[in-house]
Amino acid sequence: MDLDVLTKGKKLSDNEKRMIEYLMSHTEEIDGCPLREIAKRIYTSPATIVRLAQKLGFSGYTEFFFFLKNQLKNQQITEATIDYQIDSASIDQMIASIRDIYANQPNKFITIYATGFSGIIAEYLHKKMLVNGIKTLLVSASDSGGIISNNIENISMLITISKSGETQKVIEKMRLAQQNQIPTILFCGNGEHSANQLATYAFEVTDERPFDTQNIEYSSFFGKLLLLMEYIVAAMTVTEKTPHK
């Protein structure tokens with residue numbers, strides 16, 4: 001893996017580059033190791049590693065490590081494309097289950113949570129659902145954490161979006177929902193993530209640029225995600241038509 005993929009546009013010291021090189025070349029060895037132990041091996045502090053991860057655009061060390069382990073090690077670069085076909089057969093059952101959850105709790109809100117670029121998509125989904133008469137609540141990273149926890153009894157399901165599947169704040173909200181027996185719906189990129197292990201239903205969208213955490217390069221991920229969401233909202237709001245006599 002080319003180090004430039006991670007460091008493009010970043011000003012890093014020689015020591016920071018050495019830390020990245022160590023982590024990239026020892027992912028299997030350090031998998032499961034406490035951060036303090038990893039820091040000891042490379043003669044630095046846990047806080048320094050966390051700051052480095054954040055400097056590279058990750059929320060923290062955990063997201064950075066999963067990125068290295070599950071994406072960079074097995075990266076498959078494909079051309080970004082706008083030719084997108086929704087495999088309805090593989091997701092229609094999940095959509096039907098989501099629709100049933102909403103129908104059985106019509107007085108509760110569907111809560112949507114996302115950060116960064118995913119937050120823009122979350123806002124679109126929020127408005128799309130509202131104009132279709134679906135009660136939704138949009139919560140962003142800048143909102144008080146109490147919005148979800150203090151209204152937990154009024155939430156029918158939690159929808160989250162995380163391109164990497166390792167966004168720490170998203171994972172925290174999903175764990176909170178799980179603890180309160182609230183179904184979670186996840187939209188994420190391809191691959192194994194911490195988030196899809198917590199999700200009740202997970203919709204994966206092919207991500208040709210999994211290591212582009214800053215969304216700098218051309219990518220069809222968010223475009224395909226919008227199309228998928230359009231399909232899901234349409235399926236949730238479809239009504240049976242009575243044939244004319």
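The values are calculated or read from the model by the stated rules, or taken from the named source; none is laboratory data. Remember, it's a predicted structure, so these values are computed and weren't measured experimentally. Cβ sites come from the backbone with ideal geometry, for glycine too, and all protein chains shown count toward neighbours. To get the accessible areas, we keep the full protein, side chains included, count just its heavy atoms, and leave off ligands, DNA and RNA. Shrake-Rupley method; radii C 1.70, N 1.55, O 1.52, S 1.80 Å.
Below are the figures for this structure:
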| read-out | value |
| --- | --- |
| Gaussian network model of the chain, Cα within-10 Å springs - most flexible of Thr111, Thr27, Thr136 | Thr27 |
| Segment 24-74: trypsin sites (Lys or Arg not before Pro) in DSSP coil with no more than 12 other Cβ atoms inside 10 Å | Lys73 |
| Apportionment of accessible area to carbon and sulfur, the chain, percent (1.4 Å) | 50 |
| Two-site FRET efficiency, Glu172 against Ser45, from Cβ-Cβ distance with R₀ of 30 Å, rounded to 0.05 | 0.80 |
| Backbone HN-Hα couplings from phi across segment 153-167 [Karplus 6.51/-1.76/1.60, Hz, Gly and Pro as x] | 6, 9, 10, 8, 7, 10, 9, 10, 10, 8, 4, 7, x, 10, 5 |
| Distant-in-sequence amide H partners of Ile159 (H built 1.01 Å from N, under 5 Å) | Thr111, Ile112, Tyr113, Ile185 |
| Whichever aspartates and glutamates have a C-alpha closer than 20 Å to that of Lys55, once near sequence neighbours (fewer than 8 apart) are set aside | Asp2, Asp4, Asp14, Glu16, Glu21, Glu63, Glu166, Asp212, Glu217 |
| Restraint check, Lys40/Lys163; Lys135/Lys173; Lys108/Lys224, Cα-Cα greater than 26 Å | Lys40/Lys163; Lys108/Lys224 |
| Cα-projected label distance for Asp14 with Leu130, points at 7 Å along beta-carbon direction, nm | 5.5 |
| Sparse-neighbourhood loop sites, GluC sites (Glu not before Pro) in segment 140-245 - DSSP loop, at most 10 other Cβ within 10 angstrom | Glu240 |
| Exposed chymotrypsin sites (Phe, Trp or Tyr not before Pro) absent: longest stretch of the chain, with sites in DSSP loops and at most 10 other Cβ within 10 Å deemed exposed | 44-217 |
| Point-to-point label distance, Thr237-Thr206, nm (Cα→Cβ direction, 7 Å offset) | 2.9 |
| Sum of -39500 (n - 2.57) over DSSP H runs of 4+, divided by residues of the chain (222 nm, nearest 500) | -13500 deg cm²/dmol |
| Mean-position separation - Cα centroids, segment 85-130 and segment 193-210, in angstrom | 15 |
| Amide H contacts of Phe203 (H built 1.01 Å from N, under 5 Å, at least 5 apart or other chain) | Leu186, Phe187, Cys188 |
| Accessible surface, segment 131-209, averaged per residue in Å² (probe 1.4 Å) | 42 |
